[in-house]
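Everything below concerns the one structure shown next.
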Amino acid sequence: MKSLPVIDISPLCSESGDDAATAAVAASIRKACIEWGFFYIVGARPRHAATLDALLRATVALFDLPHDSKRALAASLSPLHRGWTGVGGAHNCSSSGRGGTGPDNKESFLLGAEGGASPMHGPNPWPSADLLPGWEADMSAYFSSALAVSRALSRGLALALGLDRAFFEQRMRDPVAQLLLLRYPPAPPSDGGGGDGGSNSSAARRVVGCGEHTDCGFLTLLAQDDVPGLEVRPRAAGAASAAAATANSGGGGGEGGGDDAGWVPAPPLPGALLVNLGDLAEFWSGGLFRSTPHRVFAPGGADGRRARHSVVFFCNCDYDAEVAPLGAETGMGSDEAGERGAADAGNGCGVDGTSATTAGRYICEKLGLMFNE
């Protein structure tokens, strides 16, 4: 079975890194972004498994609060929709695809960049120190650390596209960024949650934790506990499984055997973060890099007695950063670009896939938010 690549990005974390080592990392990132759009990273801070374990323990503590305490922090009370959303709330991904039953079975808590740098910056609803002592400081520290890792990654992405290493980083001075905490409750046995949550096949339809989707922004960092459930669908596999589904259904798009074909598990790796690119990165790279569909199933089987927890850091660029598809400087060839190009990457964001825009406008329109000139 294919598995996602693992890349040591430590050369990108030093201003005085070895040029040859940095070039090798950039080459690995380029290959991973073209073929997968997902890869694990090691060698970055937080680099110790204990740090990520503490983050996940803090996440569990938040979701273990009494319902009334969480309801007082409801996202519906925040103008930026930050805070807590319970299971069945308005935070569904597209769960209409095959392979599971919707709606999404998850609980979430959203934090974001503070300050007044853009309409997407602002205050966070923090639980009181009486409820969770030190929680705000711990989450703020991780937010800063994840931003530093994202900037280091941006150097590798720039070099992977043949650009100056600071190309993206200089557009990430005070970026639009969000930290999303997630709990996926176990699938009730009666709902067909017998799958193992990390397998590409199941005898019964599995309960959707988060439906098939792509991320709309620039890049994403994921910390996850030891309960599996995440699956990704890389570029080549997507085309192959679509063809298989058509063949198995007689062209009718039914729920044939092609449903799970091409999906690859992205299991937890101790001490590693999982990286994926969003639609903005695909658009910006002219379609060379891939924003890969992914999904999460609720824990079942051997893990069906435990919830799955993860922490997602969405790092975008400065709200006003100018964005336009890159051309020849990326070294993109038609074979590398694959079946989706810049035009597809621009769909749904008010641009035609070749026009310049701004990061803020792109993200707002992808999210279906009103954009004011």
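The values are calculated or read from the model by the stated rules, or taken from the named source; none is laboratory data. Model, not experiment: these values are computed from the prediction. When we count neighbours, we look across all protein chains shown, and the Cβ atoms used for this are built from the backbone with ideal geometry, even at glycine.
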message: When the residues of the stretch 38-59 are narrowed to those that are out of contact with any Asp or Glu (no Cβ under 8 Å at 6 or more places or on another chain) and part of a loop (DSSP other than H, G, I, E, B), which ends up modelled with the highest pLDDT?
response: Ala44
- line: Those residues of the stretch 146-193 that are within 24 Å of Val296 (Cβ to Cβ) and polar (S, T, N, Q) come to a total of 3
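If I filter the stretch 139-191 down to residues being in a loop (DSSP other than H, G, I, E, B) and acidic (Asp, Glu), which single residue comes out as surrounded by the fewest Cβ atoms within 10 Å (Cβ to Cβ)? Walk me through it before giving the result.
Initially, the stretch 139-191 is screened for residues in a loop (DSSP other than H, G, I, E, B), giving 161-168, 172-176, 185-188.
Restricting the remaining residues to those that are acidic (Asp, Glu) gives 164, 174.
Values: Asp164: 12, Asp174: 15.
Residue satisfying both the conditions and the ranking: Asp164.
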- request: State whether one or more residues within the stretch 102-115 are at pLDDT 95 or above, out of contact with any Lys or Arg (no Cβ under 9 Å at 6 or more places or on another chain) and not aliphatic (A, V, I, L, M).
  value: yes
message: Can you list the strands (runs of 3 or more DSSP E) lying wholly within the stretch 219-329 that have 1 or more residues being at pLDDT 95 or above, touching a Ser or Thr at 6+ places or on another chain (Cβ under 7 Å) and under 30 Å from Pro119 (Cα atoms)?
response: 219-224, 273-277, 308-315
